[in-house]
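Engineer: Let me give you the structure first, and then I'll get to my questions.
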């Protein structure tokens, strides 16, 4: 289980409100080292937990930031009171390892 604080940001390339949490550099490097089957777009399947909310999703590499990013779907943001920016405490478990 990986635990870290992550910056929340809105993806500017979309007109819809798509929000992500940026996985820190060191944690992203650790995830890159985990042997796993390759997936499209470099996705890594994970179970994510923020507060009392746990869900299964994928994280994706963000070339601009050089880290993985965790999509924050609207239901999670609402349940956990996550705004358009700030910091969230995240726990991740890589599923494809």
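Engineer: In the list 29, 48, 84, 22, which residue meets the criterion of being under 15 Å from residue 9 (Cα atoms) and modelled with pLDDT of 95 or more?
Structural biologist: Values: 29 fails: under 15 Å from residue 9 (Cα atoms); 48 fails: under 15 Å from residue 9 (Cα atoms); 84 fails: modelled with pLDDT of 95 or more.
It is 22.
Engineer: Being surrounded by 15 or more Cβ atoms within 10 Å (Cβ to Cβ), within 11 Å of the chain's Cα centre (by Cα) and free of Cβ contacts under 8 Å to residues at least 60 places away in the same chain: is that true of residue 6 here?
Structural biologist: Details: surrounded by 15 or more Cβ atoms within 10 Å (Cβ to Cβ): yes; within 11 Å of the chain's Cα centre (by Cα): yes; free of Cβ contacts under 8 Å to residues at least 60 places away in the same chain: no.
No: the conditions fail for residue 6.
Engineer: So which pairs qualify, if the first residue must be in the range 33-47 and in contact (Cβ under 8 Å) with a residue 40 or more places away in the chain and on the phi < 0 side of the Ramachandran plot, the second must be loosely packed, with under 14 Cβ neighbours inside 10 Å and in a strand (DSSP E or B), the Cβ gap must be under 8 Å, and the two must be at least 6 apart or on different chains?
Structural biologist: 45/56; 46/56; 47/54; 47/56
Engineer: Name the single residue, out of those in the range 68-82 being assigned to a loop (DSSP other than H, G, I, E, B) and within 27 Å of residue 29 (Cα to Cα), that is nearest to the chain's Cα centre (by Cα).
Structural biologist: Narrowing the range 68-82 to residues assigned to a loop (DSSP other than H, G, I, E, B): 72-73, 81-82.
Then keep just the ones that are within 27 Å of residue 29 (Cα to Cα); that gives 72-73, 82.
On the way: 72: 7, 73: 10, 82: 14 Å.
Among residues in the range 68-82 that are assigned to a loop (DSSP other than H, G, I, E, B) and within 27 Å of residue 29 (Cα to Cα), the one nearest to the chain's Cα centre (by Cα) is 72.
Engineer: When you scan the range 55-67, how many residues do you find that are under 22 Å from residue 12 (Cα atoms) and part of a strand (DSSP E or B)?
Structural biologist: The qualifying residues number 7.
Engineer: When you scan the range 10-54, how many residues do you find that are within 20 Å of residue 86 (Cβ to Cβ), within 11 Å of the chain's Cα centre (by Cα) and part of a strand (DSSP E or B)?
Structural biologist: Residues meeting the conditions: 7.
The values are calculated or read from the model by the stated rules, or taken from the named source; none is laboratory data. Values in this document were obtained by computation on a predicted structure and should not be read as measured data. Reconstructed Cβ throughout: ideal geometry from the backbone, glycine too, with neighbour counts over all protein chains shown.
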